[in-house]
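These notes concern the structure reproduced below.
The numbers here are math on the coordinates, done by the rules we state, and not lab data. Keep in mind that what you see is a predicted model, and the values were worked out from it rather than measured. Heads up, the Cβs are rebuilt from the backbone with ideal geometry, glycines too, and the neighbour counts pull from every protein chain shown.
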Amino acid sequence: MDGDMILRNIGENVRRLRGELSYSEVARRCSTKAWTCYPAHIEKLEKGQHQPGVLLLFRVAEVLGVDLNQIIAAPKRTRKKSAA
């Protein structure tokens, strides 16, 4: 799997898990006293246009109430049943 595909998968997962939360709300909740997350970070992350650091991925997972694995997981592929 190439880097672009990984970024797209992460973006799709964040978009799906974010639900009704706005970019601004997710960014506000991700921010700490030592680090500021901006809505553009979340938007670019969802669009696969941002190569996120571990801190951002960890904070997004925490804010969305999911395990980090759910953010970085590749989509499950379904196999087509062959006609016998």
Which one of 74, 30, 55 is farthest out on the positive end of the charge dipole of the chain, using unit charges on Cβ (Lys, Arg +1; Asp, Glu -1) and the Cα centre as origin?
74
Among (i) 1.05; (ii) 1.22; (iii) 1.56, the entry matching Cα Rg over 2.2 N^0.38 Å as calculated here is (ii)
Cβ-placed point charges (K, R +1; D, E -1), dipole of the chain about Cα centre in debye, nearest 20:
340
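Hey, what number do you get for the chain at 222 nm if only DSSP H runs of n ≥ 4 count, each worth -39500 (n - 2.57), divided across all residues, to the nearest 500?
-16500 deg cm²/dmol
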Mind listing which trypsin sites (Lys or Arg not before Pro) in the range 1-33 are in a DSSP loop and have 14 or fewer other Cβ atoms within 10 Å?
33
Looking only at 62, 43, 20, which one moves most when the chain is put into a Gaussian network model with springs between Cα atoms under 10 Å?
20
Fewest-first ordering of 10, 42 by Cβ atoms within 10 Å yields 10, 42
